[in-house]
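Presented below is the structure to which this report refers.
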Amino acid sequence: KAKANGKGNAFLYDPDIADDVNSRYELQIDLRGALDQHQLDLHYQPLVDTGHREVIAFEALLRWHHPVRGLIPPVDFVPIAEETGLIVEIGEWALRRACEEATCWPDTIRVSVNLSPIQFERGNLYQAVVNALTLSGLAPHRLELEITEGVLLRDEINTRAILHNLRALGVRIALDDFGTAYASLSYLRSFPFDKIKIDRSFVRDLDIGKRKDCEAIIQAVAGLGKQMQISTVAEGIETLDQAQTVTAAGCNELQGFYFSKPVPAADVGKALEVCRSKLE
Ligand code: C2E
Ligand code: MG
Ligand code: MG
Ligand code: MG
């Protein structure tokens, strides 16, 4: 189990905890207090526009600074938050925080926030988005919401209604991790997405002898996006070669460690500069 490895700042953190029943139970208890105790935080990762060669958005990504266990990545606590329903409260907090922080950025730069399928079933997601926009004063077109295919697998009619209402506000909707679930293509006709994020696995496999296949798939998705007027993003860009390959394949946007890892809000300006230097 090496899933949490490779993160230098996670030295206190034991990657096995989320798999251990006792630890999981403890985490669940701790998570209840995490919001009130200001242990949750958002980090931001830039998305680069390949046409204009500039940063056009930052994705907000949850981090939990656990007082004893150190930094816990979302893969290990978002599922617990979903099981307990805490994700509704955490998700509403993330929306508010992300919108507030984005008001400090240049107004050409959007913020994107990940949503859990549970937020479509419990709580009032539409109202939470309206509140976050109203309280922060962020223009709706600067907010992007990322949903995964799992959202569409559930209560389709209710989900589509919520998504349509959100889009009517001027908020953009992105389909995250595209290509990882079964029947991906059918989702493209079930809702008018603004953006498709092609899953990181396709970019990763460019390097391991499946290059031709992955290139063909990325090209096909980018072509489909163009035809349907949906922007396409390649996730997980770690090298210049990958950036060039997926740009040539037709992707509109790039995101990945090559440009910047997710950074704390205070370092967004620095990340912008680093990205600009890589785009020169
Ligand atoms: P995601 O939305 O697909 O986010 C992208 C993940 O890939 C992030 O991991 C990011 O750090 C990582 N990543 C970006 N570029 C690269 C790269 O070049 N190489 C590699 N190896 N990884 C890269 P992170 O932050 O650990 O988040 C994991 C997942 O947790 C997210 O996947 C998302 O599904 C979920 N998540 C994060 N924040 C939230 C949130 O606020 N709400 C909900 N419901 N889920 C969240
Ligand atoms: Mg995402
Ligand atoms: Mg993603
Ligand atoms: Mg992903």
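Cβ contacts < 6 Å: first residue away from ligand 4 (no atom under 16 Å from the Cβ) and in a loop (DSSP other than H, G, I, E, B), restricted to region 168-184; second residue open to solvent by 10 Å² or more (accessible area, probe 1.4 Å) and at pLDDT 95 or above, any location; separation 6+ or different chain. Result? Final answer for the pair search is 170/140; 170/141; 171/140. Please verify whether residue 161 is in contact (Cβ under 8 Å) with a residue 40 or more places away in the chain and either of a type outside the set (Phe, Trp, Tyr) or surrounded by fewer than 16 Cβ atoms within 10 Å (Cβ to Cβ) (or both), treating the condition exactly as stated. Criteria not met by residue 161.
Only a single criterion out of (1) modelled with pLDDT of 70 or more; (2) over 26 Å from residue 92 (Cβ atoms) is not satisfied by residue 14, namely (1). All of (1) of a type in the set (Asp, Glu); (2) open to solvent by 80 Å² or more (accessible area, probe 1.4 Å); (3) within 16 Å of ligand 4 (Cβ to nearest atom) hold for residue 253 with one exception: (2). Is it true that residue 211 is among the charged types (D, E, K, R), away from ligand 4 (no atom under 15 Å from the Cβ) and open to solvent by 10 Å² or more (accessible area, probe 1.4 Å)? Answer is yes for this residue.
Just to be sure before I move on: is residue 48 open to solvent by less than 30 Å² (accessible area, probe 1.4 Å), modelled with pLDDT of 95 or more and either of a type in the set (Val, Ile, Thr) or in contact with a Gly (Cβ under 6 Å, 6 or more places away or on another chain) (or both) in the structure I sent? Yes: the conditions hold for residue 48.
Criterion applied to 85, 91, 70 was being under 29 Å from residue 23 (Cβ atoms), open to solvent by less than 20 Å² (accessible area, probe 1.4 Å) and more than 14 Å from ligand 1 (Cβ to nearest atom), and the one residue passing it is 70.
The values are calculated or read from the model by the stated rules, or taken from the named source; none is laboratory data. Computed from a predicted model, the values in this text were never measured in an experiment. Counting neighbours? That spans all protein chains shown, and the Cβs are built from the backbone with ideal geometry, glycine included. We work out accessible area using only protein heavy atoms, side chains counted, and drop any ligands, DNA or RNA first. Shrake-Rupley method; radii C 1.70, N 1.55, O 1.52, S 1.80 Å.
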